[in-house]
1. Please sort 44-54, 199-209 by packing, taking for each peptide the average over its residues of neighbouring beta carbons within 10 angstrom, highest first.
2. First compute the accessible area of region 79-142 with a 1.4 Å probe, then give the percent of it belonging to carbon and sulfur atoms.
3. Hey, which of these cross-link pairs are over 18 Å Cα-Cα: Lys90/Lys111; Lys93/Lys118; Lys37/Lys59; Lys90/Lys118; Lys102/Lys189; Lys52/Lys76?
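The values are calculated or read from the model by the stated rules, or taken from the named source; none is laboratory data. Worth saying up front: this structure is predicted, and the values here are computed from it rather than measured. Backbone-built Cβ (ideal geometry, glycine too); neighbour counts: all protein chains shown. SASA here: full protein model, heavy atoms, side chains in, ligands and nucleic acids out. Shrake-Rupley method; radii C 1.70, N 1.55, O 1.52, S 1.80 Å.
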Amino acid sequence: MSEDLKKTGSVGHEKMSQEQHAKIIEVREMIGTLSEKETVYCTDASISRYLKSQNWNVKKASQMLKQSLKWRREYKPEEIRWDDVSNEAKIGKMYRANYCDKHGRPVIIMKTNRQNSKSLTEEIKHFVYCMENAVLNLPPLQEQRLGLAIMYDAPGIFQPFFAMVKVLLESESYKKVKFVYPNDQNTKKIMESLFNMDQLEPAFGGNDDTEFDMNKYAKRMKEEDNKMHSFWTSHNIPSSDSTGSEADSDASNNEKTLGSSLPNPEKSLEV
């Protein structure tokens, strides 16, 4: 990989280099004609993420992107609505918080000690819905789908098991997983560096003891559904030379996540 690519690897936050732009054009040529929705998804910033994940290898990035587009065509994650997942969501086991972290990133809270699912298919649909909604609310210029995964007060067996399987994960993905624990000074520093503790609930060491209100959350998600519909039906399609970052998710990574058999921690946050 050239020094030019290494130095300007943060597409969306820095000006795109000529070499990066050339590779993005190559990917576009390899994936061929796109539907309107696929054009919305395949912004330059989105394609650059695939290239970076494959060390700027055009062939590998194109193959990965094709797999993502195939998954999206078949699964149609952008068409999932609140009414489709409300039964899964009703006990508050997973939801998008009404605040962001200090970097402006959406926060998804998972409480895996709560379980009401009778169907893996429905549980997966709920997970995808939450992820798509979080991505829709990414701040401008935010490139990454997953900024950080925080495993708060995970069972003791989970961390050594996770260390054993880290060889199966990309190094950058592994670095994004943080184990934090109650009454731990290092944990306190990590959480305070990421969150406004007055917004964070006590289960994660925060000070906001307001109980989760499902009725208010349902109302908010229905409003988000309208935003989702507007986003995907908009005819204001970005041009191929756009360097702005649009909301998107790495569907290929979604497939890996959905098929994971890792044990679940008691509580976790994704930002």
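1. On the way: 44-54: 22.2, 199-209: 15.6.
Result, highest mean Cβ count within 10 Å first: 44-54, 199-209.
2. Details: 1400 of 2860 Å².
C and S atoms contribute 49 percent here.
3. On the way: Lys90/Lys111 13 Å; Lys93/Lys118 14 Å; Lys37/Lys59 23 Å; Lys90/Lys118 13 Å; Lys102/Lys189 13 Å; Lys52/Lys76 25 Å.
Result: Lys37/Lys59; Lys52/Lys76 exceed 18 Å.
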